[in-house]
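Student: Structure below; questions to follow.
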Amino acid sequence: MSHVPVTMSAVLLTGHGGFEKLDYRNDIDVPTVAASKVLIRVLAAGVNNTDINTRTAWYSKSVTGETSTGAAAGFETADDDDGSWSGTPLTFPRIQGADCCGEIVAVGEGVDESRIGERVLVRTMQQAPVDYQPFVCWTVGSECDGGFAQYMTAYGAETFKVDCDWSDIELASIPCAYSTAENMLERANVSEGEIVLITGASGGVGSAAVQLAKRRGAKVIAQSGEAKLNEVKALGADEVVDRNANLAETLGTEVVDVVVDLVAGESWPCLLEVLKRGGRYATAGAIAGPIVELDVRTLYLKDLTLIGCTFQRQNVFENLVGYIERNEIKPLVARHYPLKDIVRAQEDFLSKKHVGKLVLVPPQG
């Protein structure tokens, strides 16, 4: 076993609310590695919407607005009893961080000691804690402590060795965003030659979806803010559309096979208008607001399929590791910060002025 200190630096989430609920500390006990688990020295951890949404309790059914409206101060209407993505109360304090790139430094009973020294990624959506029940999972940094620390534990079966020449910071951009994107494409069964519309294409999940859809041979129409259109085009999008455009007027109706949506909000009905008959709609986010207007006649008269995407089968993450090792995708990191600057990183994340991912780096050594 490598030398492991007794205490570590970490960011504690002390409750639902604003930035004041993020407490950077240097005196947190290093977690003990239990049976079937590994102890990981965190090398880098990405910033994600789910970290912010969990902090603010945006997942509460009492919150109906877009994610950014309460991201700094929290939501007054939020109910702590259903403030997590799973709808069950969180236990505080909690170490968040849905992304982790790290090095295994110790193993628990039942895990081969030869794994010590591996550089790994931790699967964000964990099935091992719930005995691999279908459509049931834990999220790293929500139901269990995550990567906003110098050390974390994870199940050995949920921790994947990666052999590549990417930096730690680049690898840390992958787990949550890319697995979310790949899962939507997998669940929607996107295939070669299909036309895919991706909303929120400049964000972490959206920019990942552009790459992953192109990898499948799809034609990609990407929607993002006007200032970022050229950067999104450079990711491989075949066509880019301003996020404020009327999609039905710009693209026409019934022209898209699949919609990969991360935005929702007031303009949501247009997404169904541009879908072809028999088209598929997949979502894993609602940054513009979760409450939308649905004309059920559009749904059934066009034989559409609506797919909600949270649970991920293990092959989704295994596929991502393969894509990395075969250089079939590339990381897109906009900026990185010391872990202690988590508030500044989340403020920059919320400003939406970047394309790709923001990453936090805990103290090393």
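Each reported figure results from applying straightforward, stated rules to the coordinates on display, with no laboratory input. A quick note: this is a predicted structure, and the numbers were derived from the prediction, not measured. Here the Cβ is made from the backbone with ideal geometry for all residues, glycine too, and neighbour counts use every protein chain on show.
Student: Run through the DSSP bridge list for the stretch 36-172 and note the antiparallel percent, rounded to the nearest 5. The partial results should precede the final answer.
Tutor: On the way: 19 of 20 bridges.
For the stretch 36-172, the DSSP antiparallel bridge percentage is about 95.
Student: At 7 Å along Cα-to-Cβ for each site, give me the label-to-label distance between Thr253 and Glu318 in nm.
Tutor: 4.4 nm
Student: Need the C-alpha centroid separation for the stretch 330-348 versus the stretch 204-239, integer Å.
Tutor: 22 Å
Student: Defining a contact as two alpha carbons under 8 Å apart and six or more residues distant in sequence, what relative contact order in percent does the stretch 180-308 show?
Tutor: 23 percent
Student: Can you give the extra length, in nm with one decimal, that the chain gains between Glu325 and Glu109 once fully stretched, where that is 0.36 nm per residue apart less the Cα-Cα distance?
Tutor: Gain on stretching Glu325 to Glu109: 74.9 nm.
Student: Now for a different question. With springs only between Cα atoms under 10 Å, which of Gln314, Gln346, Gln211 fluctuates most in a Gaussian network model of the chain?
Tutor: Looking only at Gln314, Gln346, Gln211, the biggest GNM fluctuation is shown by Gln314.
Student: Would you look at the GNM of the chain, springs on alpha carbons closer than 10 Å, and say which of Asn53, Asn230, Asn183 moves the most?
Tutor: Judging by the Gaussian network model, the answer is Asn230.
Student: OK, next. Considering every pair of different Cα atoms, what Kirkwood radius, in Å, is found for the stretch 216-365?
Tutor: That comes to 17.8 Å for the stretch 216-365.
Student: Cα-Cα pairs above 20 Å in the stretch 125-182: how many percent?
Tutor: Values: 487 of 1653 pairs.
So the portion of pairs separated by more than 20 Å is 29 percent.
Student: Under Stokes-Einstein, with the Kirkwood radius over Cα pairs standing in for Rh, what whole-number D in µm²/s applies to the stretch 164-284 at 25 °C and 0.890 mPa s?
Tutor: Using the Kirkwood radius from Cα pairs, D works out to 172 µm²/s.
Student: Just how far, in whole angstrom, is the stretch 1-78 from the stretch 81-126 if you go by their alpha carbon centroids?
Tutor: Each part's Cα centre sits 12 Å from the other's.
Student: Another one. Relative to the compact globular guide of 2.2 N^0.38 Å, what is the alpha carbon radius of gyration of the chain, as a ratio?
Tutor: Working: Rg = 19.9 Å, N = 365, 2.2 N^0.38 = 20.7 Å.
Here the Cα radius of gyration is 0.96 times the empirical estimate.
Student: How much length is gained if the chain between Ile291 and Lys161 is pulled fully straight, taking 0.36 nm per residue apart and subtracting their Cα-Cα distance, in nm to one decimal?
Tutor: Contour length minus the Cα-Cα distance gives 42.8 nm.
Student: What is the Cα coordinate range of the stretch 225-307 on the first, second and third principal axes, sorted by size from largest, in whole angstrom?
Tutor: Cα spread of the stretch 225-307 along its principal axes, largest to smallest: 37, 25, 22 Å.
Student: To the nearest whole percent, what portion of all C-alpha pairs in the stretch 108-217 is separated by more than 21 angstrom?
Tutor: 47 percent
Student: Within the stretch 180-308, how many Lys pairs that are eight or more residues apart, or on different chains, come under 20 Å at the alpha-carbon?
Tutor: 7
Student: A follow-up question, please. If I fit a long axis through the Cα atoms of helix 175-187 and take the longest principal axis of the Cα atoms of the chain, what angle between them do I get, 0 to 90°, rounded to 10?
Tutor: Result, in degrees: 40.
Student: Among DSSP bridges having both ends in the chain, what percentage is antiparallel? Round to the nearest 5.
Tutor: Values: 30 of 56 bridges.
Roughly 55 percent of the beta bridges in the chain run antiparallel, per DSSP.
Student: On alpha-carbon atoms, Rg over Rh for the stretch 1-75 using Kirkwood Rh? Before the final figure, lay out each step's value.
Tutor: Details: Rg = 15.8 Å, Rh = 14.6 Å.
That ratio equals 1.09.
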